[in-house]
Amino acid sequence: MNASGVRGFALCQIMLALSASAVVFAQDEPPPDSPSDVKPLPIDLVYTSVDLKYSSEGAAGAGVDLKSDVVDLVAKGIDVKETESEIKINLLGDVLFDFDKADIRPVAEPTLAAIAKRIQGRKQPKVLIEGHTDSKGSDSYNAKLSDRRAVSVKNWFSKHGVTANSMRTHGWGAAKPVAPNTHPDGSDDPDGRQKNRRVEITIKK
């Protein structure tokens, strides 16, 4: 090989080396589609408001949305059912009265006060207060006791701001039970009798 051939061969070797180096450097750079070149897309956070509707078990049809004041009574542990025409509040007699008595117990007064406040909030309230007993005792005695208890609740409301002539009372005795007073075998059912000893307050709309 002459001198010019040697120089040409050396030049070719140098060019190959430079090309290989360029390839190595190019491989060290992240490819265009590398995740490091991809910017994250903006995320839109959407907060949706959910309307909670409280429906009455006793409402006919699809149910009725309870008013906020009725929801408040439910939150206090008071048994409330609402329909399109009325609000019915069920109070256990054992909470309101001592055994065989018709005097309001002091422990029951906060509950009655909460109900009285709702009655007073109506422009022309119409309230029916009904007393009920279990089946123990004679019919005549239970009728009188249930009537005295209904009147006692009315008098309490009247003394605490509810107009007296907006309220009516009735004593049903044991005529309208909401639970059995006895078991199927005829034995006593204390839980059922407790549910039957009650005062129902109906507020007409």
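Please treat every number below as a calculation from the coordinates, not as lab data. What you are looking at is a predicted structure, and each value in this text was computed from that prediction instead of being measured. Neighbour counts run over all protein chains shown; Cβ positions are idealised from the backbone, glycine included.
Details
- Hull-based mean projected area of the range 68-204, where the convex hull spans the alpha carbons, in square nanometres: 8.5
- For the range 180-189, Karplus couplings with θ = phi - 60° (6.51, -1.76, 1.60), whole Hz, Gly/Pro x: x, 7, 9, 6, x, 7, x, 6, 5, 10
- Length added when fully stretched, Val74-Gln120, from 0.36 nm per residue minus Cα-Cα: 14.8 nm
- For Ile203, Ile115, Ile87, order by how many other beta-carbon atoms lie within 10 Å, fewest first: Ile203, Ile115, Ile87
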